[in-house]
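Participant: Here you go, one structure.
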Amino acid sequence: MSRGLFISFEGVEGCGKSTQLRLLEEYLRAQGRDCVVTREPGGVPIAEAIRELLLNPDHEAMTPEAELLLYAAARAQHVGEKIVPALEAGKVVLCDRFADSTTAYQGGGRGFDTARLAQLHGWATGGRWPDRTLLLDLDAEAGLERARQRGRRDRIEREDIAFHQRVRQAYLDLAVLEPERIKVVSASGSIEEIHQQIRGLVDELIQP
Ligand code: Z5A
């Protein structure tokens, strides 16, 4: 069993994951904790190259099966090359999205069967799941609006609103199934309010 702490951030686009991850990193570093900040798809060069393939808006021809397997391939590389070594070295790993994104987007969004996804997760994660997952819950329309204001739209963001609503629901369903690991935080408050809630949920883990 690794000694570090693995925390992931999840939610629909524009929910504020990246903003909150950076604030949590600052909080933990101020306590002298050694943090590794990473993201999916990506985090290591091979997985970042796969990210380019996945998010390129020109790749409209990508089949759902190819998409699913590319996310899994990127994760397998990321887990093996970066996440597990960091955890074994006792570090705190803060990850922007992880395997729950596949369950929400490829499962809820695209309709892949949950049992099939569970098998794939076993391969891609090697059984290493986050100790805590912070699910920033936001209305899909509001999240897309925030993302639109930022100006870029990748291949997944171009899906219709019904897709993004299914993604949100799939996340909420996951949180019901795994209440100890996945904590739902409303993402409609101010950045500071959300940060305070997240601090509380992480303090529970590190100062029990
Ligand atoms: N994907 C998948 O399908 N399957 C998988 O297995 C994985 C991923 C791993 C890339 O993810 C895409 O890949 C993603 C899912 C899919 N789909 N899309 N598109 P990504 O994480 O790189 O992209 P993203 O989800 O679109 O993240 P994002 O756009 O970077 O959003 P965010 O990190 O959640 O939000 P943010 O950058 O922190 O904030 C967005 C804006 O809102 C920004 O201007 C902030 O200043 C603002 N903001 C943040 N918090 C607030 C609050 N509280 N109030 C008001 N405004 C706020």
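The values are calculated or read from the model by the stated rules, or taken from the named source; none is laboratory data. Worth saying up front: this structure is predicted, and the values here are computed from it rather than measured. Neighbour counts run over all protein chains shown; Cβ positions are idealised from the backbone, glycine included. Heavy atoms of the whole protein, side chains included, go into the accessibility calculation; ligands, DNA and RNA do not. Shrake-Rupley method; radii C 1.70, N 1.55, O 1.52, S 1.80 Å.
Participant: Of the options T133, L87, A170, report the single residue whose Cα projects farthest towards the positive end of the charge dipole of the chain (beta-carbon charges: Lys, Arg +1; Asp, Glu -1).
Facilitator: Result: L87, furthest along the dipole toward the positive end.
Participant: Under 23 Å between alpha carbons, and skipping anything fewer than 8 positions from K82 in its own chain: which lysines qualify?
Facilitator: K17, K91
Participant: Next question. Return one whole number: the accessible area per residue of the stretch 1-77 in Å², for a 1.4 Å probe.
Facilitator: Computed with neighbouring chains in place, this is 47 Å² per residue.
Participant: Taking a cut-off of 16 Å between Cα atoms, list the aspartates and glutamates near K183, but don't count ones fewer than 8 places away on the same chain.
Facilitator: The reachable aspartates and glutamates, counting only those whose Cα sits under 16 Å from K183, are E10, D96, D100, D131, D137, D173, E193, D203, E204.
Participant: Mean Kyte-Doolittle of at least 0.0 plus a Cα span of 18 Å or more along the axis: flag which DSSP H helices in the chain meet both, please.
Facilitator: 161-177, 191-206
Participant: Right, next: Across 5 Å bins from 0, what is the distribution of all Cα-Cα pair distances for the stretch 140-208, in whole percents?
Facilitator: Taking every Cα pair in the stretch 140-208, the percentages come to 3, 13, 18, 19, 21, 15, 8, 3, 1.
Participant: A follow-up question, please. Check which residues have an amide H placed less than 5 Å from G43's amide H, if you skip close sequence neighbours.
Facilitator: E48
Participant: For a quick check: with amide H placed at 1.01 Å from N, whose amide H comes under 5 Å from I182's, ignoring anything fewer than 5 positions away on the same chain?
Facilitator: Residues meeting the criterion, in which the H sits 1.01 Å from N, are T133.
Participant: Out of the total accessible area of the chain (probe 1.4 Å, heavy atoms of protein only), what percent is carbon and sulfur?
Facilitator: Accessible surface attributable to carbon and sulfur in the chain totals 52 percent.
Participant: Please give the calculated 222 nm ellipticity per residue for the chain, where each DSSP H segment of at least 4 residues contributes -39500 (n - 2.57) and the sum is spread over every residue; nearest 500 deg cm²/dmol?
Facilitator: -15500 deg cm²/dmol
Participant: Quick one: which residues, 5 or more positions from V36 or on another chain, have an amide H under 5 Å from its amide H? H modelled 1.01 Å from N in the peptide plane, none for Pro or chain starts.
Facilitator: The answer is V92, V93, L94.
Participant: For the stretch 5-206, would you read off the P(r) tail past 32 Å as a percentage of all alpha carbon pairs?
Facilitator: In whole percent, the long-distance tail amounts to 10.
Participant: May I pose another question? Which whole-number percent is the relative contact order of the stretch 5-206 (Cα, under 8 Å, 6+ apart)?
Facilitator: In percent, rounded to a whole number, it is 33.
Participant: Another question about this same structure. Could you sort 103-109, 126-132, 57-63, 14-20 so that the peptide with the highest average Cβ count within 10 Å comes first and the rest follow in order?
Facilitator: Result, highest mean first: 103-109, 14-20, 126-132, 57-63.
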